[in-house]
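Q: Here's a structure for you.
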Amino acid sequence: MKYIFVVFLLATTLFSSNSWQTNYHTALKIAQDKNKRVYMLIVSDDCRWCKKFERTTLKDRKTLERLNEKYILLHVIRDKNYIPSRFKTAPIPRHYFLTSKGKELFSVVGYRDVKIFNSFLDNVDERYERIAK
């Protein structure tokens, strides 16, 4: 029983460090302070593909570690949270990869499994490297 509790405690600690922001301006500020980019995920409460993405792809430990390494994570619900008008909010889920200043690096729409989503992360890294030079 103690073993199960310790495993649960460690898992909770690991996943709680993956804190998602819900405020666009706060996410940009943190990204600037930490010299990271921003991954903005736009969802809706009643979107089944959003829920599937959150339940599958975003639960993949390696994907989450990769995101946390380079990004401040921003999760916004299109009918509840502020989203600057320059960003499209439909269809969803919508993924934006931004610089710490809010400049769009890459965007994609829809559910993506772990393999395809990581392929997008590769594309974003390549684009960022070209811009950074």
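Q: S119: over 14 Å from the mean Cα position of the chain (by Cα) and of a type in the set (S, T, N, Q), yes or no?
A: On the way: over 14 Å from the mean Cα position of the chain (by Cα): yes; of a type in the set (S, T, N, Q): yes.
It is true that S119 is over 14 Å from the mean Cα position of the chain (by Cα) and of a type in the set (S, T, N, Q).
Q: Can you say whether T26 is hydroxyl-bearing (S, T, Y), surrounded by fewer than 18 Cβ atoms within 10 Å (Cβ to Cβ), at pLDDT below 95 and assigned to a helix (DSSP H, G or I), as far as the supplied structure shows? Break it down stepwise before answering.
A: Values: hydroxyl-bearing (S, T, Y): yes; surrounded by fewer than 18 Cβ atoms within 10 Å (Cβ to Cβ): yes; at pLDDT below 95: no; assigned to a helix (DSSP H, G or I): yes.
Criteria not met by T26.
The values are calculated or read from the model by the stated rules, or taken from the named source; none is laboratory data. Because the structure is predicted, anything quoted here is derived from the model rather than measured. FYI the Cβ positions are ideal-geometry reconstructions off the backbone, even for glycines, and counts take in every protein chain you see.
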